[in-house]
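Everything on this sheet refers to the single structure shown next.
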Amino acid sequence: MREFSWHKLRQQLWSILGGVSVRTKIFGIILGSSLLISLTLLLQAYNAFEREFEFRVREVGVSIARDIAARSTELILVHDLYGLYELISETRESFEDVRYVFILDSQGQVLVHTFESGFPVELLDINPVAPEEFQSTVLVDSGEEFIWDVAVPIFDGRVGTARVGVTNARTHAAALGLIGQMALTSLFFLALGLLASTLLTVVLTRPLKELVKAAGKIAKGDYSYRVQKWAEDEIGALAVAHSEMAEELSRMDSIRRDREELRRTFLERVISAQEEERKRIARELHDSTSQSLSSISFILRNLEANCQCASGPENFAQIHEVVLSTLEDVRKLAFQLRPAILDDLGLKAALDQLFGEWQDRTGIPVDAAIVGQSQRLNGVLETTIYRIIQECLSNVERHARATKVSVLIESGRDEIIVVVEDNGIGMRNPTPDHRQHLGLLGIRERVDLHGGSLLIETEEGQGTSIFVRIPHLVTAGEAT
Ligand SMILES: Nc1ncnc2c1ncn2[C@@H]1O[C@H](COP(=O)(O)OP(=O)(O)OP(=O)(O)O)[C@@H](O)[C@H]1O
Ligand SMILES: [Mg+2]
């Protein structure tokens, strides 16, 4: 058998009460308490009426029986049965509630009775009365109704007994009628109460509903909605507090938006300045440093060929080798800073070069797929995608211990999707401390500036997938 638990019962009750609206709760409380009060009052009134009416019926029965007893003494003594019969018939007819009257002699024999279809002998024994008693009353069930049977000794029982049967049907009906009227009146007031309670719940819950609506709007970031103050009570105070809170939140939100806008502008400028600077240094390295090194290489080759000195050729060859290797390093550095091909031939060519150089250096094969629209994107977007892939590859090289990488760039009409997947060890912590690790944060910031989204899927030992989605519209201006 399951154990009864108050705690569970309380929880269940609470969940039922908590599941209905405040309006239903107030309505339920008023309806429930009104019904309870009305029913209790009706029951109490009914009981009181019944008791009072029954007492009156018995009183009437006793006084009629006593009257008959007083008036019949002489008639019994002279054995005037006709007179006796007249007396009880007259009494029976005069009182509507009297069902029967009969008189017994001192031996208990019936002298006269009002029963038309024979005297029911079982009545003789049901209400014996001792001579010294004032009267005796018992309630008799006739099968159709309840009758108070009253027995009064005549002349202290020495002459006989007068018996009268008085029904309480009429008083019972009167009590019921009264209760019916009261019930109708209660129903009328109950209906009035319900009407009033409906108005009350509307008055009470309307401002609450307004507050809930306003809170919902604030939760969705709309701070413009204001709750109307309905009254000077606690709910009115809550409405005022709510409006003040919305005002303050709106002010804070506008400050936050301004700051966010400033941060975006600043970040855009920093990134573009950084790219410009890289471009300038890369060009400088390419145009000036590389050219100078090439000239030195040319001169050295000439000197090597024309030199007459004994130890010259070996030394010149060594210097030439150092110059050539420095030239290669400078070219690589210029490429890493910013490949000129990105500005000249576009993203696809620059990525092909990046993948080739990366594969040669790391020995990890790159499975690259560039699908979709072939038009060139705007320069900023191309740089963004290039830098994202560059950072992802750099992470694979430094952290992933992967044996292969796949890169997908899908350029649709409305957005560009970039997916970089590796089969490495996976990230231990996909939300690293950005004070020390800036690569992924940089990707997120660049993606945010374009209104895109970044998703990192990784599991230890299962590799890492970086999904980037950037919205864009191919315009005539972009397709260069
Ligand atoms: N492909 C990957 N596989 C496994 N771990 C990775 C991968 N990419 C990033 N990580 C983990 O995430 C951390 C954060 O990467 P993030 O690029 O932000 O910083 P970083 O590479 O450590 O430093 P940097 O600022 O130079 O980029 C890395 O330190 C590494 O632990
Ligand atoms: Mg990194």
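No value in this document is a laboratory result; all are computed from the given coordinates. Being a predicted model, the structure only gives us computed values, none of them experimental. Note that we place each Cβ from the backbone using ideal geometry, even for glycine, and neighbour counts take in every protein chain shown.
How much of the DSSP bridge set in the chain is antiparallel, in percent, rounded to the nearest 5?
85 percent
Using the beta-carbon distance between SER374 and GLN318 and R0 = 56 Å, what value does 1/(1 + (r/R0)^6) give for FRET efficiency, to the nearest 0.05?
Taking R0 as 56 Å, the efficiency between SER374 and GLN318 is 0.70.
Along Cα→Cβ, 7 Å out, is where each label goes; now give me the distance between the ones at GLU232 and VAL110 in nm to one decimal.
Label-label distance for GLU232 and VAL110, simple model: 8.2 nm.
Is it possible to state the helix-based mean residue ellipticity at 222 nm for the chain, with each DSSP H run of 4+ residues giving -39500 (n - 2.57), the sum divided by total residues, to the nearest 500 deg cm²/dmol? What is it?
-20500 deg cm²/dmol
Pop out the ³J(HN,Hα) list for region 331-340 in order, Karplus 6.51 cos²θ - 1.76 cosθ + 1.60 with θ = phi - 60°, rounded to Hz; leave Gly and Pro as x.
In residue order, the calculated couplings are 4, 4, 4, 4, 5, 5, 4, 5, x, 4 Hz.
Could you tell me the calculated FRET efficiency between ASP156 and ILE37, based on Cβ-Cβ distance and R0 = 56 angstrom, to the nearest 0.05?
The calculated FRET efficiency here is 0.60.
Under the rule of at least 5 residues apart or a separate chain, name every residue whose amide H is placed under 5 Å from the amide H of SER142.
Under 5 Å from the amide H of SER142 lie the amide H atoms of ILE147, each far enough along the sequence or on another chain.
Taking every pair of alpha-carbon atoms in region 128-245, what share in percent sits in each 10 Å bin, from 0 to the bin with the longest distance?
Histogramming region 128-245 at 10 Å steps yields 11, 19, 13, 10, 9, 9, 10, 10, 7, 3, 0 percent.
Divide, for region 22-175, the radius of gyration over alpha carbons by 2.2 N^0.38 Å, where N is the residue count.
Against the empirical 2.2 N^0.38 Å value, I get 1.44 for region 22-175.
Given H placed on each backbone N at 1.01 Å, which residues far from ASN168 in sequence or on other chains put an amide H within less than 5 Å of it?
Under 5 Å from the amide H of ASN168 lie the amide H atoms of PHE146, TRP148, each far enough along the sequence or on another chain.
Relative to the first principal axis of the alpha-carbon coordinates of the chain, what is the inclination of helix 81-94, with its axis defined by its Cα atoms, in degrees from 0 to 90 and to the nearest 10?
So the helix axis and the longest Cα principal axis differ by about 30 degrees.
With a ≥ b ≥ c the root eigenvalues of the C-alpha gyration tensor of region 319-411, is it rounded (a/c under 1.5), prolate (a/b larger than b/c) or oblate?
Oblate is the answer for region 319-411, as a/c is 1.5 or above yet b/c matches or exceeds a/b.
Given N residues in region 223-338, what is Rg(Cα) / (2.2 N^0.38 Å)?
Here the Cα radius of gyration is 2.54 times the empirical estimate.
What FRET efficiency would be calculated for the residue pair PHE298, ARG251, taking the C-beta separation as r and a Förster radius of 45 Å, to the nearest 0.05?
Given R0 = 45 Å and the Cβ-Cβ separation, E is 0.05.
Mind ordering 220-229, 94-103, 117-126 by average Cβ neighbours within 10 Å, highest first?
94-103, 220-229, 117-126
In straight Cα distance, which lysines are under 29 Å from LYS209, not counting same-chain residues fewer than 8 positions off?
Within the straight-line limit of under 29 Å, LYS209 reaches these lysines: LYS25, LYS217, LYS220, LYS229.
Residue separation times 0.36 nm, minus the C-alpha to C-alpha distance between ASN306 and GLN274: what's the value?
Between ASN306 and GLN274, full extension yields an extra 6.9 nm.
Work out from phi, with θ = phi - 60° and the Karplus expression 6.51 cos²θ - 1.76 cosθ + 1.60, the ³J(HN,Hα) of each residue of region 38-47, listed in order in whole Hz, and give x for Gly and Pro.
Values, residue by residue: 4, 5, 4, 4, 4, 5, 4, 5, 4, 4 Hz.
Mind ranking 402-408, 319-325 by how tightly packed they are, going by the mean number of other C-beta atoms within 10 angstrom, highest first?
402-408, 319-325
Out of residues 5 or more away from THR114 or on other chains, whose amide H comes under 5 Å of its own, with H placed 1.01 Å from N in the peptide plane?
Placed amide hydrogens put VAL101 under 5 Å from THR114.
Could you go through region 404-410 in sequence order and give the Karplus-derived ³J(HN,Hα) for each residue, using 6.51 cos²θ - 1.76 cosθ + 1.60 with θ = phi - 60°, rounded to whole Hz, and x for Gly and Pro?
Along region 404-410, the couplings run 7, 9, 10, 10, 10, 10, 10 Hz.
Label 7 Å along Cα→Cβ of SER142; region 92-107 residues with amide nitrogen under 15 Å?
Correct set: 92-102.
Using +1 on the beta carbon of Lys and Arg, -1 on that of Asp and Glu, and nothing else charged, what's the dipole of the chain about the Cα centre, debye to 20?
Charge dipole, the chain, about its Cα centre: 2220 debye, nearest 20.
Based on alpha-carbon positions alone, could you give the equivalent ellipsoid semi-axes of the chain from the gyration tensor, as √(5λ), descending, whole Å?
120, 25, 17
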